[in-house]
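The values are calculated or read from the model by the stated rules, or taken from the named source; none is laboratory data. Source: prediction; values computed, not measured. Cβ placement follows ideal geometry from the backbone for every residue including glycine, while neighbour counts extend to all protein chains displayed. Protein only, heavy atoms only, side chains kept; ligands, DNA and RNA dropped before computing areas. Shrake-Rupley method; radii C 1.70, N 1.55, O 1.52, S 1.80 Å.
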Amino acid sequence: MKLLLVEDERRMAEAVAEVLRQEHYDVDVCYDGESGLDAILSGVYDAVILDVMLPKRDGLSVIRAVRRENLRTPVLMLTVKSELTDKVNGLDAGADDYLTKPFMVEELLARVRALCRRNAPAADGRLCAGDVTLDTGTATLACTSTGQEIRLGEKELHLMEYLITKQGSIVPREKLALKVWGYENDAEYNNVEVYISFTRKKLAFIGSKMEIKAIRGLGYEFRERQ
């Protein structure tokens, strides 16, 4: 699961991010509301932890802007305020849950798990599109038409997971790079096409009718071969 933490207290942000990474979440961090909003609008995150009191743009205006774009990414809001009206304002703005500082790590993790379940694969960890089935637990890509299957590498798994969930939509190259490699990783970002090529070869190996189609100037679409 890919998470975004938007928190301006850097020491706290680093500590929370480390706790989440130890729980095997892929975490990016932003330290102000403007950069946080830009990151959320990329649409690559499974859930967001968003502080209310932020420089440049406060958390409430961030979540309102996100919801105006019809982006339903689950958001957990953090604040030092505990009055009922503050919680109501956060939820009315579009937050899915609310946690008051200071908080126990166990409670934060429980809230995050609850948010992530909303975007999780099926209970058995499988994603399906056309004649392709992806087992996210074993990183196995299988074809129901041929009965063939193959194991994917880590990056290939994340690529296929995202493309399957966006089946029928064109995924911009930049958004795919952010989803799989995160921010501030230009070297990996430049390898998107390489990993797309690797994944296409594995789709061909299992004999699938599905393909990763490059749409010139727009991105990639996972669809049935035409």
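Points worth noting:
- The slack between Phe198 and Leu91, meaning 0.36 nm per residue of separation minus the straight C-alpha distance, is 34.2 nm.
- Where both bridge residues fall in the chain, DSSP classifies roughly 55% of the beta bridges as antiparallel.
- Taking all protein chains as shown and a probe of 1.4 angstrom, Met77 keeps an accessible surface of around 0 Å².
- Label zone at Arg117 (point 7 Å along Cα-to-Cβ), backbone N below 17 Å, region 28-57: 47-48
- For the pair Phe103 and Gln226, the difference between a 0.36 nm per residue extended length and the Cα-Cα distance amounts to 39.0 nm.
- Once C-alpha pairs closer than 8 Å and six or more residues apart are averaged by separation and normalised to the residue number of region 1-124, the relative contact order reads 22 percent.
- Relative counts (whole %) of C-alpha pair distances in the chain, using bins that are 5 Å wide: 1, 7, 14, 17, 17, 14, 11, 9, 5, 3, 1, 0
- Given their separation in residues at 0.36 nm each and the Cα-Cα distance between them, Asp58 and Arg126 gain 20.7 nm when the chain is fully extended.
- Here the contact order of region 1-41, divided by its residue count and restricted to Cα pairs under 8 Å and six or more residues apart, works out to 50 percent.
- Highest mobility in the GNM of the chain, judged by mean-square fluctuation with C-alpha springs under 10 Å and restricted to Ala65, Ala110, Ala39, is found for Ala110.
- Here the relative contact order of the chain, from alpha carbon pairs under 8 Å that lie six or more residues apart, stands at 14 percent.
- What the phi angles of region 92-107 give under the Karplus curve with 6.51, -1.76 and 1.60, with θ = phi - 60°, is a coupling list of 5, 6, x, 5, 8, 7, 9, 9, 8, 7, x, 10, 7, 4, 4, 5 Hz, glycine and proline written as x.
- Candidates Arg72, Arg11, Arg200, ranked by Gaussian network fluctuation over the chain, Cα under 10 Å, top entry: Arg11
- Rounded to whole numbers, the Karplus 3J(HN,Hα) couplings from phi for region 173-178 are 4, 5, 5, 5, 5, 5 Hz, using 6.51 cos²θ - 1.76 cosθ + 1.60 with θ = phi - 60°, and x at Gly and Pro.
- Integer Hz, Karplus 6.51/-1.76/1.60 couplings in order for region 42-55, x for Gly and Pro: 5, x, 9, 9, 7, 6, 10, 10, 10, 6, 7, 8, 10, x
- Per residue, the convex hull spanned by the Cα atoms of region 133-226 measures out at 91 cubic angstrom.
- Long-range tail of P(r) for region 28-105 (Cα pairs > 19 Å, %): 27
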